[in-house]
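Read-outs: derived from the displayed coordinates by stated rules, not from any lab. Remember, predicted model here, so these are calculated numbers, not experimental data. Methodologically, a virtual Cβ is constructed for each residue, glycine included, from the backbone with ideal geometry; neighbour enumeration extends over all protein chains shown.
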Amino acid sequence: MALDRLLLSDFRNHRATAIEGTARFNLLVGDNGAGKTNVLEAISLFAPGRGLRRASLADMPAQAGGGGFAVSAELATPAGPVRLGTGVSPDRPGRRVVQVNQAEAPAVRLGEWLGIGWLTPAMDRLFAEGASARRRFLDRLVLALEPAHARTAARLDAALRERNRLLADAAEPDPQWLDAIEAQIAEAGAAVAQARARLVTRLDAALAALPDAPFARPALVYQPGGPTEAEALAAALAQSRRRDRAAQRTLTGPHRDELAVTMASKGQPAAECSTGEQKAMLIAITLAHAAMAGDAAGQGERPRLLLLDEVAAHLDPLRREALFDRLRTGAAQIWLTGTEIAPFAAIEAEAAIWRVRDGVAQRL
């Protein structure tokens, strides 16, 4: 198993929750608002970034607590047991602390220990939202396969912020300073763009091998927001300084990338498809990616987790059975939520099940 034990302390509505005895399938059942998704969010904090809700740190501590929270997990890895921890101290509420085997570490290092993916109801709007949401989605998919992507993306973001600050300044920027910043953007940006392109190429090939049913099959195209080679990107940035200074922001680069998704059987852009078709395509992408990650895990790499929040609630029995069959073929550990056990009857005998009530998880 990837995750053996999970502890939540003063996290959301969980004052002191321990989840032990995990299995390949792990099911959290309970009423809406009981705290099921909070458990998945806690697990998602063991990936670099802000977790599956993209919430601020100030929103995570329990309301009646001291202002801090802690989440810890014990993992079984090919290299042996590993303990991860993250949280916020009440005396430093704006600073997130991360520990690996009780030694403090930067959050980007979390990706070296776990590959985590998730699917939540909020993501149903992915194809209708702006391109930034799809870039975040794409980067999570890359990160599950290439943990170094977190550091590279962080370097790119920092360099872009600095260039934008210089462009917005009333004083004319020093050309040599811009040269240095643009060299950093070009190096990190090319690495980010190429990692995204590799992922989309591999994932689209995996999707192309699937049937059109029971989940609508999407076709994926990576659309770069600028050159994907470092030298060409640096030249494009230098040439666009006047335009970018007028806009007070950088208009060329991987921060302008787009993931184009089309329903293969119709040749129709995902944004123009029905809500049900969009949901089916999102599930297809998530399952295909989980299978790719599972193949890697089977070769002795990082353990993989897949968090599925209320994913079975709106699927008919045929699609639910297909979902569970696909999940069985991968090597990822699966965490699911639902308001009742009945939709999960096909995996009930294989699953570890917890009833969640008012922030308390009880093993069934």
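Net length available on complete extension from Val82 to Ala158 is 24.3 nm, with 0.36 nm assigned per residue and the Cα-Cα distance removed. Taking label points 7 Å from Cα along the Cα-to-Cβ direction, Glu348 and Leu210 give a separation of 2.7 nm. Mean-square fluctuations from a GNM of the chain, with a 10 angstrom spring cutoff on Cα atoms, peak among Ile181, Ile116, Ile353 at Ile181.
Taken as Cα centroids, the range 68-122 and the range 208-249 sit 31 Å apart, rounded to the nearest whole angstrom.
Between Ala103 and Ala128, the simple spin-label model (points 7 angstrom out along Cα→Cβ) gives 4.8 nm.
Would you please give the FRET efficiency between Arg202 and Glu321, computed as 1/(1 + (r/R0)^6) with r the Cβ-Cβ distance and R0 = 25 Å, to the nearest 0.05? Before the final figure, lay out the partial values.
Working: r = 27 Å, r/R0 = 1.08.
It comes to 0.40.
Of the listed peptides 260-269, 28-37, what is their order by residue-averaged count of other C-beta atoms within 10 Å, with the highest listed first?
With the highest mean Cβ count within 10 Å placed first, the list reads 28-37, 260-269.
Taken one residue at a time, the phi angles of the range 225-232 give Karplus couplings (6.51, -1.76, 1.60, θ = phi - 60°) of x, x, x, 9, 9, 4, 4, 5 Hz. Gly and Pro are set to x. Rounded to the nearest 10 degrees, the inclination of helix 131-145 to the longest alpha-carbon principal axis of the chain is 70 degrees. Placing a label point 7 Å from the Cα of Ala236 along the Cα-to-Cβ direction, the residues of the range 89-132 with a backbone N closer than 19 Å are 131-132.
Per-residue 3J(HN,Hα) values for the range 91-98, derived from phi via the Karplus relation 6.51 cos²θ - 1.76 cosθ + 1.60 with θ = phi - 60°, read 7, 9, x, x, 10, 8, 9, 10 Hz in sequence order (x marks Gly and Pro).
Rg and Dmax of the chain, both derived from C-alpha coordinates alone, stand at 21.4, 68 Å. The modelled label-to-label distance between Ala64 and Glu272, using points 7 Å beyond Cα along the C-beta direction, is 5.4 nm.
Please state, to two decimals, what the Cα-based radius of gyration of the range 19-93 comes to when divided by 2.2 N^0.38 Å (N = residues). Walk me through the numbers on the way to the answer.
Details: Rg = 13.8 Å, N = 75, 2.2 N^0.38 = 11.3 Å.
My calculation over the Cα atoms of the range 19-93 gives 1.22.
Note on the chain: with a GNM built from Cα contacts shorter than 10 Å, the maximum mean-square fluctuation among Ala73, Ala270, Ala342 falls on Ala342. Taking Cα centre as origin and charging only the Cβ of basic (Lys, Arg, +1) and acidic (Asp, Glu, -1) residues, the dipole magnitude of the chain rounds to 320 debye.
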